[in-house]
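Here the structure comes first, spelled out in C-alpha cells, and everything after it is commentary.
The values are calculated or read from the model by the stated rules, or taken from the named source; none is laboratory data. Because the structure is a prediction, the values reported are computed rather than measured. All Cβ positions, even for glycine, are placed from backbone atoms using ideal geometry, and neighbour counts span all protein chains on display. Side chains included, ligands, DNA and RNA excluded: accessible areas come from the protein's heavy atoms. Shrake-Rupley method; radii C 1.70, N 1.55, O 1.52, S 1.80 Å.
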Amino acid sequence: MAISLAEKKAIVADVAEVAGAAHSAVAAEYRGLTVAEMTDLRVKAKAAGVYLRVVRNTLARRAVEGTDFECMQEGLTGPLVLAFATDEPGASARVIGDFAKDNDKLLVKLVAFGGKLLDPSELDALAKMPSREEALSQLVGVMQAPVSKFVRTMAEPTAKFARTVAAIRDQKQGDQKQAA
C-alpha cells in the first residue's frame, strides 16, 4: 500500500516531534510477532507513557535527524518498532525489555540515551534508571541525612541526662519501697 508524500511528511513530523522531546529510544526487530502480540506491546507501551511506532526506516532516519537520536540512523535497518520514552528515561527500556523476556522474537537492535548509542546489552541498566519522582526522593533523602544526624547528635546529651535522672529516680523509688 503506497503512502502519499503528504502522509510521509506527517509521519516524519510526528516522529520528529516525539524524538525531539524524548529522553531515550529503543529500536527492536519485531519479525515473527503476531498481531495480537504487537497489540499487547502497544497496550503496555501506552500504559507506561511510551510512544511506540512502526515506521519505514527511510522515514525514521529523516525523523531522528537533528535530534539526540541521530546516532541511531545507521542502525535503522530491517523491520523495526521504535519506542520513545518521553516521561521518564527508563520507560521505553522497561517496556521493550519486559516484553522481550516473554517473547524471544522481539530482538533489541538499538538503544539510545542522551545522544549516545548504547549497546543493546545495556538495556537493563537503562530500564533500572529511577523515575523523576524516585530520583528526587533519593536526592531529598541524601540531603536530609546529615541534617537529621546533626539534630540527633545535638539532642543526645539532653536525652542522656533525662535518662540518667529517670534511672536515679527509679532507683530511689525502689530503695524507698524496700525500706517500707
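Among all residue pairs at least 6 apart or on different chains, which show Cβ distances below 7 Å where the first residue, located in segment 116-137, is more than 12 Å from P89 (Cβ to Cβ) and the second is open to solvent by 80 Å² or more (accessible area, probe 1.4 Å)?
Once the first residue is more than 12 Å from P89 (Cβ to Cβ) and sits in segment 116-137, its partners that are open to solvent by 80 Å² or more (accessible area, probe 1.4 Å) give P120/K109.
Applying the selection to segment 97-109, what residues are touching a helix residue (DSSP H, G or I) at 6+ places or on another chain (Cβ under 7 Å) and aliphatic (A, V, I, L, M)?
Let us first name the residues in segment 97-109 that are touching a helix residue (DSSP H, G or I) at 6+ places or on another chain (Cβ under 7 Å), namely 97, 99, 103, 106, 108-109.
Of everything in segment 97-109, those that are touching a helix residue (DSSP H, G or I) at 6+ places or on another chain (Cβ under 7 Å) and aliphatic (A, V, I, L, M) turn out to be L106, V108.
Quick test for you: out of Y30, Y51, pick the one residue that is closer than 23 Å to S131 by Cα, of a type in the set (F, W, Y) and out of contact with any Gly (no Cβ under 7 Å at 6 or more places or on another chain). Before you say what the answer is, go through the steps one by one.
Numbers: Y30 fails: closer than 23 Å to S131 by Cα.
Y51 is the lone residue from the list that is closer than 23 Å to S131 by Cα, of a type in the set (F, W, Y) and out of contact with any Gly (no Cβ under 7 Å at 6 or more places or on another chain).
Can you tell me how many residues in segment 139-175 are under 30 Å from M129 (Cβ atoms) and either in contact (Cβ under 8 Å) with a residue 40 or more places away in the chain or of a type outside the set (V, I, T) (or both)? Step through it out loud before you land on a result.
Initial filter on segment 139-175 (under 30 Å from M129 (Cβ atoms)): 139-149.
Adding the requirement that they be either in contact (Cβ under 8 Å) with a residue 40 or more places away in the chain or of a type outside the set (V, I, T) (or both) leaves 139, 141, 143-146, 148-149.
Residues in segment 139-175 being under 30 Å from M129 (Cβ atoms) and either in contact (Cβ under 8 Å) with a residue 40 or more places away in the chain or of a type outside the set (V, I, T) (or both): 8 in total.
Of these, D119, D98, which one is modelled with pLDDT of 80 or more, acidic (D, E), within 18 Å of A48 (Cα to Cα) and surrounded by 10 or more Cβ atoms within 10 Å (Cβ to Cβ)? Spell out the reasoning first.
Numbers: D119 fails: within 18 Å of A48 (Cα to Cα).
It is D98.
Which residue pairs have Cβ atoms closer than 8 Å, lie 6 or more positions apart in sequence or on different chains, and pair a first residue in segment 91-114 that is at positive phi with a second residue that is of a type in the set (D, E) and modelled with pLDDT under 90?
Once the first residue is at positive phi and sits in segment 91-114, its partners that are of a type in the set (D, E) and modelled with pLDDT under 90 give G114/D68.
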